[in-house]
Amino acid sequence: MSSINLFELLGLIWKKRRFVIKVMVVFLIFGALIAVFSPKQFSSKTIILPQISGSQGLGKKLGGFAKLVGLNLDDNGKNEIFPTLYPIIATSIPFQKEILSAPIKDEKTGEMIPLTEYLNSIDLKEPTDYVKEYTVGLPGKVIGLFRSGEEKSYQLQDTTIVVLSRAEKEQIAYLENHVKVAFNDLEGFVEVSATLPDPSVSAQLTKHVQILLQDYIIEFNISKAQEELEYLMERHEEAREIYEEKRNRLGQFRDRNKNYISSISENRYEQLKTENDLAFNVYSQLANQLESAKLQVKRDTPVFTILKPVSIPLEPAGPSKIGIIILYVFFGLILGTFIVLARKFIPELKELITAPKTQ
């Protein structure tokens with residue numbers, strides 16, 4: 001096989017420029033058709049400002065850096081998710097599956113349908129997906145024709161492992177490209193956006209993702225305080241029942257012995273009164289702790305300020321028809337050049353492989 005000379009390759013491409021141009025024209029026509037028939041995309045977004053609690057001591061000094069990496073340096077041991085982690089939460093599989101079940105109003109019928117049903121009615125492929133499918137993905141597409149069309153199903157005992165169907169996987173991949181949650185570390189706000197062919201669905205989905213994200217953050221941030229509150233509520237209820245029982249026993253004893261005084265009755269009365277006072281003190285202390293726990297839940301509940309509410313977009317955000325055509329022409333240039341070079345070097349490569357080896 002002869003050595004590769006760059007100028008020789010350029011000369012070969014220039015010599016075969018008519019073939020390369022023909023391939024580019026084919027891709028130009030193909031790209032123009034894709035651009036014409038590609039549905040318009042409407043983008044809706046909202047901007048929220050999450051509350052971030054302050055830090056003390058070392059956490060206060062390093063708070064800025066800690067928040068950028070999503071850490072909590074507070075020494076009070078409470079749970080907290082900083083906005084830097086919101087985009088990671090939004091791309092998690094459980095969160096995406098929650099989005100797929102979002103109720104969406106169908107403007108044509110007026111009925112509420114899950115988002116997954118709406119996604120089944122639209123083309124989930126991007127214009128570039130067709131290029132990849134029929135260029136670099138063509139061998140895999142041919143191999144797929146000989147594979148069984150049956151989809152394997154898995155039954156797992158471990159419920160913490162998420163199992164996705166092929167349809168869910170495709171829809172989640174589509175959502176990852178069309179639903180965005182971004183944190184602006186300079187201004188401190190979070191932007192939630194959704195881009196879909198239907199402007200109304202785009203706005204509805206943006207609102208749903210915003211609410212779902214807020215609920216998730218609130219649930220996580222107050223989980224520790226909520227568990228403590230529930231524990232204190234149970235103990236408070238038990239203490240109340242014990243106190244009422246002791247109080248009733250003391251009252252009944254006083255009613256039975258109000259006209260009878262003896263050393264035994266006085267001792268019994270003092271015993272019951274001591275038990276009643278102790279039960280009341282425990283009940284009172286738990287009542288105070290219960291109120292403190294309720295206040296702690298409120299303190300740990302993050303507050304979200306809506307800086308820009310969701311609105312239905314009026315103008316399409318894309319796709320850029322000129323950009324699609326340029327992209328397809330570029331792929332045509334690459335493919336045409338590759339074919340020209342392959343025609344030159346494949347015969348030489350075959351000759352090199354089949355040539356007998358010298359001893």
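Tell me whether segment 21-40 contains one or more residues that are at pLDDT below 55 and more than 30 Å from residue 354 (Cβ to Cβ).
Going residue by residue through segment 21-40, those that are at pLDDT below 55 are none.
No: segment 21-40 contains no residue that is at pLDDT below 55 and more than 30 Å from residue 354 (Cβ to Cβ).
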Check residue 268 against each of (1) of a type in the set (D, E, K, R); (2) farther than 30 Å from residue 298 by Cα; (3) surrounded by fewer than 13 Cβ atoms within 10 Å (Cβ to Cβ) and name the one condition it does not meet. (3)
Can you tell me which of (1) more than 30 Å from residue 12 (Cα to Cα); (2) of a type in the set (Lys, Arg); (3) over 33 Å from the mean Cα position of the chain (by Cα) is the one residue 321 doesn't meet? (3)
Any residue in segment 235-249 that is free of Cβ contacts under 8 Å to residues at least 40 places away in the same chain sitting within a Cβ distance under 7 Å of a residue that is in a helix (DSSP H, G or I)? List the pairs, counting only those 6 or more apart or interchain. 246/275; 246/276; 246/279; 247/276; 249/272
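Yes or no, residue by residue, for (1) in contact with a Ser or Thr (Cβ under 8 Å, 6 or more places away or on another chain); (2) closer than 30 Å to residue 202 by Cα; (3) surrounded by fewer than 16 Cβ atoms within 10 Å (Cβ to Cβ):
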| residue | (1), (2), (3) |
| --- | --- |
| 281 | no, no, yes |
| 286 | no, no, no |
| 295 | no, no, yes |
| 324 | yes, yes, no |
| 328 | no, yes, no |
How many residues does segment 186-217 hold that are in contact with a Pro (Cβ under 9 Å, 6 or more places away or on another chain), buried (at least 23 other Cβ atoms within 10 Å of the Cβ) and within 17 Å of residue 307 (Cβ to Cβ)? 1
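Surrounded by fewer than 12 Cβ atoms within 10 Å (Cβ to Cβ) and over 17 Å from residue 272 (Cβ atoms): is that true of residue 238 in this structure? If you could, list the steps in order and put the result at the bottom.
Working: surrounded by fewer than 12 Cβ atoms within 10 Å (Cβ to Cβ): no; over 17 Å from residue 272 (Cβ atoms): yes.
No, not satisfied.
The values are calculated or read from the model by the stated rules, or taken from the named source; none is laboratory data. What you see is a predicted model, and the numbers here were worked out from it, not measured in a lab. In this analysis, Cβ positions are derived from the backbone assuming ideal geometry, glycine residues included, and neighbour counts consider all displayed protein chains.
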